[in-house]
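The block underneath contains the structure these notes are about, expressed in structure tokens.
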Amino acid sequence: MITLATLMYEILLTRIFSVTMWYHFAFVAISVAMFGMTVGAILVYLLPNYFTQERTKHNLALYALFFSISIALSFMTYISIPFTFNISVIDLYSIALIYVVLSVPFIFSGICVCLALTKFPQQVSRLYAADLLGAASGCVLLVYTLKITDGPTSVVVIAVLASIGTIF
């Protein structure tokens with residue numbers, strides 16, 4: 001469910017960026033997701049005393065919850081940041097702020113995926129298969145979600161799907 005929601009949110013951001021910013025900013029969503037997930041994985045690597053084997057299930061649930069909540073909060077923050085593209089320090093700051101704010105959910109997602117793939121070595125092949133299946137399902141599900149809802153409502157749907165990952 002986490003990778004399903006992650007890929008849905010990443011693709012949705014490309015659509016939202018193409019409407020709210022210039023169309024070529026749509027590709028920024030991919031780098032935001034890659035950056036955030038990498039930061040999450042690096043945190044798991046750098047903090048082995050916190051991300052212990054004994055706390056793995058607790059941390060998976062906790063960071064999945066943070067992921068679902070941060071999807072909605074970071075998106076609300078994003079839409080409140082004014083975007084104009086002029087060559088000025090304020091506009092560059094605004095773009096950097098957008099980048100950082102929208103990477104937060106992906107950091108939590110990266111922590112979840114990294115924990116799942118590194119803390120259960122006997123099940124890594126099944127977990128990776130579930131990871132790929134979730135991501136692929138997210139791609140298909142977003143198409144149907146956007147046929148029923150608009151962009152901001154789809155963000156809420158994705159947050160709910162991510163919260164289901166918290167329960168699992």
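The values are calculated or read from the model by the stated rules, or taken from the named source; none is laboratory data. Source: prediction; values computed, not measured. Methodologically, a virtual Cβ is constructed for each residue, glycine included, from the backbone with ideal geometry; neighbour enumeration extends over all protein chains shown. The accessibility values were calculated without ligands, DNA or RNA, using every heavy atom of the protein model including side chains. Shrake-Rupley method; radii C 1.70, N 1.55, O 1.52, S 1.80 Å.
Where a ≥ b ≥ c are the square roots of the eigenvalues of the C-alpha gyration tensor, would you call region 46-168 rounded, which needs a/c under 1.5, or, failing that, prolate if a/b is larger than b/c, or oblate? The shape class here is oblate. Accessible surface for region 54-137, divided over its residues, is 55 Å² per residue with a 1.4 Å probe. Only DSSP H runs of four or more residues enter the estimate; each adds -39500 (n - 2.57), and after division by the residues of the chain the mean residue ellipticity at 222 nm equals -28000 deg cm²/dmol.
Accessible surface of Tyr128, taken over heavy atoms with a 1.4 Å probe and every protein chain present, rounds to 120 Å². The packing ranking, built from the mean of other Cβ atoms within 10 Å per residue, places the peptides 46-52, 137-143 in the order 137-143, 46-52, highest first.
The listed residues Ile42, Ile148, once ranked by accessible area (1.4 Å probe) with the largest placed first, stand as Ile148, Ile42.
Split the accessible area of the chain by element, probe 1.4 Å, and carbon with sulfur accounts for 74%.
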